[in-house]
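Asker: Quick one: the structure is below, questions incoming.
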Amino acid sequence: MTSHEKISEYADPEVLVTTKWLAENLDSVSVVESNEDILLYDTGHIPGAVKLDWHTELNHPLRRDYLESEAFAKLMDQKGIGREDTVVLYGDRSNWWATYAFWVFKLFGHENVLLLDGGRNKWIADGGALTKDVPVRDSKSYPVAPRQDQQIRAFRDEVLSHIGKPLVDVRSPEEYTGERLHMPDFPNEGATRGGHIPTAASIPWSKSIQADETFRPLAELEQLYFGATGFDRSSDFIAYCRIGERSSHTWFVLKYLLGVENVRNYDGSWTEWGNLVGAPIAIGAEPGEAA
Amino acid sequence: MTSSAEEIVADFGFLEGQDKLQLLLEFSESLPDIDQRFLDDPELLERVEECQSPVFIAVEGDAQRIDLHFSAPREAPTTRGFAAILSAALNHQSAETILAFSEDFPSRLGLDSLISPLRVRGMRGMLARIKRKVGELTDSNA
């Protein structure tokens, strides 16, 4: 199956682009790089791409929250991105932070956001050009758009009442069982309890990607998220991980590749739930029971 | 603190925001490639588990002069930058100096607001491992 054929099978084939497509359309889109390693962009990036820093630019300066509408509009002005622009996101680590940024763009209702299948590594593997030149782009007067959390963001009380319904824990199996408080090779980010939200299915995010970091074909994704769980397209999903970045990746898969209409990302994730006084927790490999 | 460590803290303290990151990037580019002999014998290297990207350290020398070696991939510039800073601050110092070196040094660079706390903790992990290895090395020679 060619990458074009693979993508054409997805529920929303328009939202995922190949490295070849991007190379041919660089002049007509706004390319944005969002990485876990915030220096990586500066070592070389896709020509014309601007850098988006998930840590300093997408978060609220004080609270644990996302930036507000005025700040988002200002950020877009700094990046030279207009409301009508087609934004193409890509990044390191199989697009974890690119899908996270994608999700934040959607909180503000930015309509045309695309993702580069395979991200930064695939671009490089396919021989794509890199440059250290940082583009200078003028403001396009991005309007102040309301942030709409309701559709795609879940909060802890909503998660609590969602126990027993389709919940997906996308962390590593060791984090799910409670053996570890953090993902392998990553230090603990401060959760006092290990385990998972009762009844959550364990589907590590990485199962959705292939060795070259592109997404698996539709049939394999359907088996993974529907066949193995009994959930389907009409299910109301909530996905979570540790801080909401890996679950943005799964949110993207469920919403755009599989066509699940109702899917929310619980960005509080385990760093909230694992510290929340009185929150129910299950340990071990089984999902556990709703209380 | 060593005099070079004080200089590094002063350099970072002088800069704001993105300029701090630029300096970190310059450090990352300055990290020398590790000697081939370490690559030929990976047993000589210890992985720093606290770091998000694969970084390895080796510690050699004696109480008078400790030699530090780092290996981190080019695709992990932040981790490389941390390794290069520790190298600039501590390489070729005495064991005594390294063992007495402030564990709070990573915080003094003022990077916490620019880089996720997880990352800065990786640098602390690197420093703690260097100190432990220096301690082991000098104990075994004593």
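Asker: Starting from a Cα-only point model with no solvent, please compute log10 I(q)/I(0) by Debye for segment A:65-205 at q = 0.12, 0.14 1/Å.
Answerer: Normalising to I(0) and taking log10 leaves -0.70, -0.91.
Asker: Lys and Arg at +1, Asp and Glu at -1: add these up for the other residues within a Cβ distance under 12 Å of A:Glu261 and post the number.
Answerer: Numbers: positive: A:Arg233, A:Lys255, A:Arg264; negative: A:Asp12, A:Asp232, A:Asp236.
Overall, the nearby charge balance is 0.
Asker: Hey, how much of the P(r) for segment B:54-99 falls beyond 12 Å, as a percent of Cα pairs? Let's see the in-between values first.
Answerer: Numbers: 611 of 1035 pairs.
Here the long-distance tail beyond 12 Å is 59 percent of all Cα pairs in segment B:54-99.
Asker: If I take the Cα coordinates of the protein assembly as shown and project them onto the principal axes, what are the three extents in Å, biggest first?
Answerer: Per principal axis, max minus min of the Cα coordinates gives 69, 54, 44 Å.
Asker: Among A:Tyr66, A:Tyr100, A:Tyr266, determine the one that fluctuates most according to a GNM of chain A built with springs between C-alpha atoms less than 10 Å apart.
Answerer: A:Tyr66
Asker: Report, for chain A, the % of DSSP beta bridges that are antiparallel, rounded to 5. Show your work: numbers first, answer last.
Answerer: Working: 4 of 28 bridges.
Looking only at bridges with both residues in chain A, the antiparallel portion is about 15 percent.
Asker: A further question follows. Across segment A:195-204, in residue order, what do the Karplus-derived ³J(HN,Hα) couplings come to in whole Hz, using 6.51 cos²θ - 1.76 cosθ + 1.60 with θ = phi - 60° and x for Gly and Pro?
Answerer: With the stated coefficients, segment A:195-204 comes to x, 9, 6, x, 6, 5, 7, 8, 10, x Hz.
Asker: Can you sort B:Arg132, A:Arg63, A:Arg93 by how many other beta carbons sit within 10 Å, fewest first?
Answerer: Details: B:Arg132 13, A:Arg63 8, A:Arg93 21.
The most exposed by this proxy come first: A:Arg63, B:Arg132, A:Arg93.
Asker: Let me ask another. Taking θ as phi - 60°, what are the ³J(HN,Hα) couplings along segment B:59-70 by the Karplus curve (6.51, -1.76, 1.60), each to the nearest whole Hz, with x for Gly and Pro?
Answerer: Working through the residues one at a time gives 10, 10, x, 9, 4, 6, 8, 9, 9, 10, 10, 10 Hz.
Asker: Per residue, how big is the convex hull of segment A:45-85 when only Cα atoms are used? Give it in Å³. Before the final figure, lay out each step's value.
Answerer: Values: hull volume 3.2 nm³, N = 41.
Given the Cα convex hull of segment A:45-85, per-residue volume reads 78 Å³.
Asker: Send over the per residue convex hull volume for chain B, Cα only, as a whole number of Å³. Walk me through the numbers before you get to the answer.
Answerer: On the way: hull volume 13.6 nm³, N = 142.
Value for chain B: 96 Å³ per residue.
Asker: While we're here: Kindly write out, for segment A:260-269 in residue order, the coupling ³J(HN,Hα) from the Karplus curve 6.51 cos²θ - 1.76 cosθ + 1.60 (θ = phi - 60°), rounded to whole Hz, with x marking Gly and Pro.
Answerer: Computed from phi, the couplings for segment A:260-269 are 6, 6, 9, 9, 10, 9, 8, 6, x, 6 Hz.
Asker: Explain nothing, just the number: dipole magnitude of chain B about its Cα centre with +1 on each Lys and Arg Cβ and -1 on each Asp and Glu Cβ, in debye rounded to the nearest 20. Don't skip to the answer; put the middle values down first.
Answerer: On the way: 14 positive and 25 negative charges, 71 e Å.
In debye, rounded to 20, chain B gives about 340.
Asker: What does the charge dipole of chain A about its Cα centre add up to, to the nearest 20 debye, if the Cβ of each Lys and Arg holds +1 and the Cβ of each Asp and Glu holds -1? The partial results should precede the final answer.
Answerer: On the way: 29 positive and 45 negative charges, 66 e Å.
So the dipole magnitude of chain A works out to roughly 320 debye.
Asker: So for B:Glu6, A:Glu245, A:Glu70, fewest C-beta neighbours within 10 Å to most, what's the order? Walk me through the numbers on the way to the answer.
Answerer: Values: B:Glu6 12, A:Glu245 24, A:Glu70 9.
Taking fewest neighbouring Cβ atoms as first place, the list is A:Glu70, B:Glu6, A:Glu245.
Asker: Using the Kirkwood radius over C-alpha pairs as Rh, can you work out the diffusion coefficient of segment A:135-291 via Stokes-Einstein at 4 °C, viscosity 1.567 mPa s, in µm² per second?
Answerer: Details: Rh = 16.3 Å.
Estimated via Stokes-Einstein, D reaches 80 µm²/s.
Asker: How many lysine pairs in segment A:115-261, separated by 8 or more positions in sequence or lying on different chains, have Cα atoms less than 27 Å apart? Walk me through the intermediate numbers first.
Answerer: Working: A:Lys122/A:Lys132; A:Lys122/A:Lys207; A:Lys122/A:Lys255; A:Lys132/A:Lys140; A:Lys165/A:Lys207; A:Lys165/A:Lys255; A:Lys207/A:Lys255.
So the count of such lysine pairs works out to 7.
Asker: Turning to a different aspect of this structure: Counting other beta carbons within 10 Å of each residue's own, what order do B:Glu75, B:Glu26 fall into, fewest first?
Answerer: Values: B:Glu75 16, B:Glu26 11.
Lowest to highest Cβ neighbour count: B:Glu26, B:Glu75.
Asker: Follow-up. Skipping prolines and chain starts, which residues have an amide H placed within reach, meaning under 5 Å, of the one on A:Leu115, given they are 5 or more residues away or on another chain?
Answerer: Here the answer is A:Leu16, A:Val17, A:Leu89, since their amide H atoms fall under 5 Å of that of A:Leu115.
Asker: Nothing charged except the Cβ atoms of Lys and Arg (+1) and of Asp and Glu (-1): what's the magnitude of the dipole of segment A:1-115 about its Cα centre? Round to the nearest 20 debye.
Answerer: Working: 10 positive and 20 negative charges, 41 e Å.
Computed charge dipole of segment A:1-115: roughly 200 debye.
Asker: Treating the Cα atoms of segment A:31-148 as identical point scatterers in vacuum, please give the log10 of the normalised Debye intensity I(q)/I(0) at q = 0.10, 0.17 Å⁻¹, two decimals.
Answerer: -0.27, -0.80
Asker: While we're here: Mind checking which of B:Leu39, B:Leu86, B:Leu111 has the largest fluctuation in a GNM of chain B, springs on alpha carbons under 10 Å?
Answerer: B:Leu39
Asker: Per residue, what volume in Å³ does the convex hull of the Cα atoms of segment A:1-76 enclose? Please list the in-between numbers first.
Answerer: Numbers: hull volume 11.5 nm³, N = 76.
Hull volume normalised by residue count: 151 Å³.
Coordinate-derived values only; no laboratory data. Values in this document were obtained by computation on a predicted structure and should not be read as measured data. Reconstructed Cβ throughout: ideal geometry from the backbone, glycine too, with neighbour counts over all protein chains shown.
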